[in-house]
Amino acid sequence: MKKTAFRLSLLLLTLALVFSLAACQTLTPQGPVDAGSSPVTDPATDPVTDPATDPATDPATDPATDPATDPETDLATDPETDPETDPETEPQEIKNLILIIGDGMGLDHIAAGELTYGKDFGFTDWDFVTVNTDSVYANGYGPVLTDSAASGTALATGHLTVNGYIGKDHNQVDVQTILDYAKSLGKATGVLTTDSLLGATPAAFSAHSRSRSNAQEIANSQIYSGVDLLGGATDSTCTALVNQIEAQGYYYIDTFDDIERAARKQKTYWQLDMAGTDADVQLEHAVYYALKMLSRNDEGFVLILEQAYIDKYSHSNDFANMVHSVNSLNNTVEVILEWMGERTDTAVLITADHETGGLTVGSKAGSYTKTFTGEGGKTVYYNWSSTNHTQAKVGLFTYGITTPDYSKFSYYGSPFTIKNIDVFNLMKDILDNPVTYNPYN
Ligand SMILES: [Zn+2]
């Protein structure tokens with residue numbers, strides 16, 4: 001997606017404002033924005049080992065079949081690679097939507113990941129606005145410092161609600177999720193998380209309950225949700241329900257060894273070893289098969305992905321594992337972009353449900369009290385100011401679609417800030433107006 005200089009300057013101004021406000025000093029977490037650069041980074045650091053995406057076995061990078069070295073398939077005239085004549089890039093509708101949620105991932109968490117790993121995450125060059133995440137009291141008024149249940153429900157349903165509520169508005173009425181809506185349009189649907197499926201964020205997209213602690217109710221609600229792919233970390237409450245899960249037509253697996261077979265099914269339920277630091281590679285592995293499965297539907301799909309450990313490690317102010325999880329989210333994005341290739345029918349959105357830890361980071365000592373040695377020995381300076389969620393705004397990054405007209409969603413009359421329920425409103429708008437959002441029309 002090409003950007004105009006104007007939009008680039010807006011992005012830089014916004015980022016500069018956001019980061020300087022957040023850290024009360026000039027930070028340099030963003031390298032120069034290069035609209036032409038590929039978000040896919042060095043294959044040598046890509047942990048994906050699926051044969052289909054392994055650069056080592058990808059025919060596109062095999063010198064023996066490289067079109068660049070074959071005079072018969074000169075890139076300049078090859079219809080296969082010419083965007084002007086490639087049918088893959090003809091105007092079409094956006095039919096697939098992928099929402100990636102970094103639980104607890106504030107803007108400084110992303111900057112921390114970039115500083116620590118010494119690279120630009122490609123998605124920080126995408127279209128960008130900030131998002132307010134506050135929830136409400138039972139009377140419908142706020143603002144209230146949100147938990148993941150209320151903020152997940154806001155993203156999933158477009159309703160502001162009370163902390164603890166799952167898929168219910170502030171009057172405790174069940175409300176339609178974006179996945180219910182996608183289903184009504186004939187699309188395939190999926191939820192994939194490194195957390196238990198019963199965690200507040202995945203639950204908000206696939207269940208209804210008065211309390212995020214009602215594990216049994218949420219598990220049952222999910223089984224009857226009609227969501228085609230339910231995937232998360234192993235949870236004993238879910239394990240005890242295998243018979244009911246299978247009775248609802250789900251192909252149940254509990255090991256990565258079976259994931260390829262499961263990806264060929266219509267409905268499937270995954271309980272996998274997704275927890276903790278090692279799980280970061282597992283999310284990247286699992287998303288490859290989730291895309292394989294859901295993209296078989298001709299009407300398209302909506303997939304919700306969550307990297308839950310950014311929040312968990314921020315609660316314990318564990319910087320090393322937190323940045324590892326942020327990097328995992330970025331690697332997952334790269335798997336998705338590899339899958340997308342030249343596709344023009346897929347929108348990718350990245351956001352967070354809230355910020356956790358009150359994190360600020362920088363590349364200079366300044367007033368920071370803590371340091372971390374990043375890749376290449378570079379020192380990253382940081383502070384935590386909390387072990388809880390904060391009201392810091394998070395980001396919404398969009399890719400594969402025209403720049404959304406945020407003025408129609410704006411909560412604050414600011415072109416740079418929306419409310420979290422507007423992430424739902426934007427997703428619904430994309431599903432309702434798929435041609436409008438295709439940047440190649
Ligand atoms: Zn949390």
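List of remarks:
- Residues that are within 16 Å of the ligand (Cβ to nearest atom), touching a residue at least 60 places away in the same chain (Cβ under 8 Å) and surrounded by fewer than 20 Cβ atoms within 10 Å (Cβ to Cβ) within region 288-322 comprise His315, Ser316, Asn317, listed in sequence order.
- Sub-7 Å Cβ pairs linking a first residue in region 92-120 that is more than 28 Å from Ile430 (Cα to Cα) to a second residue that is of a type in the set (D, E, K, R) and away from the ligand (no atom under 16 Å from the Cβ), at least 6 apart or interchain, are Glu114/Asp120; Thr116/Glu375; Tyr117/Glu375; Gly118/Glu375; Gly118/Lys378, ordered by first then second residue.
- In this entry, Glu284 is excluded by the filter for residues that are more than 21 Å from Leu197 (Cα to Cα) and away from the ligand (no atom under 16 Å from the Cβ).
- The sole residue among Tyr224, Tyr252 that is in contact with a helix residue (DSSP H, G or I) (Cβ under 7 Å, 6 or more places away or on another chain), at pLDDT 95 or above and not β-branched (Val, Ile, Thr) is Tyr252.
- Count - residues of region 400-428 that are assigned to a helix (DSSP H, G or I) and under 22 Å from Thr201 (Cβ atoms): 8
The rows are residues; the columns are (1) surrounded by 20 or more Cβ atoms within 10 Å (Cβ to Cβ); (2) part of a helix (DSSP H, G or I).
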| position | (1), (2) |
| --- | --- |
| Ile101 | yes, no |
| Gly104 | yes, no |
| Ile110 | yes, yes |
| Gly113 | yes, yes |
| Tyr141 | no, no |
| Ala150 | yes, yes |
| Leu160 | yes, no |
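- Check on Thr189, of a type in the set (S, T, N, Q) and in a helix (DSSP H, G or I): no
- A single entry from Asn425, Asn388 fulfils the requirement of being surrounded by fewer than 19 Cβ atoms within 10 Å (Cβ to Cβ), within 17 Å of the chain's Cα centre (by Cα) and modelled with pLDDT of 95 or more: Asn425.
- Some residue of region 252-270 being more than 24 Å from the chain's Cα centre (by Cα), more than 14 Å from Thr189 (Cα to Cα) and surrounded by 15 or more Cβ atoms within 10 Å (Cβ to Cβ): yes
The values are calculated or read from the model by the stated rules, or taken from the named source; none is laboratory data. Remember, predicted model here, so these are calculated numbers, not experimental data. Because the Cβ atoms are built from the backbone with ideal geometry, glycine has one as well, and the counts that use them run over all protein chains shown.
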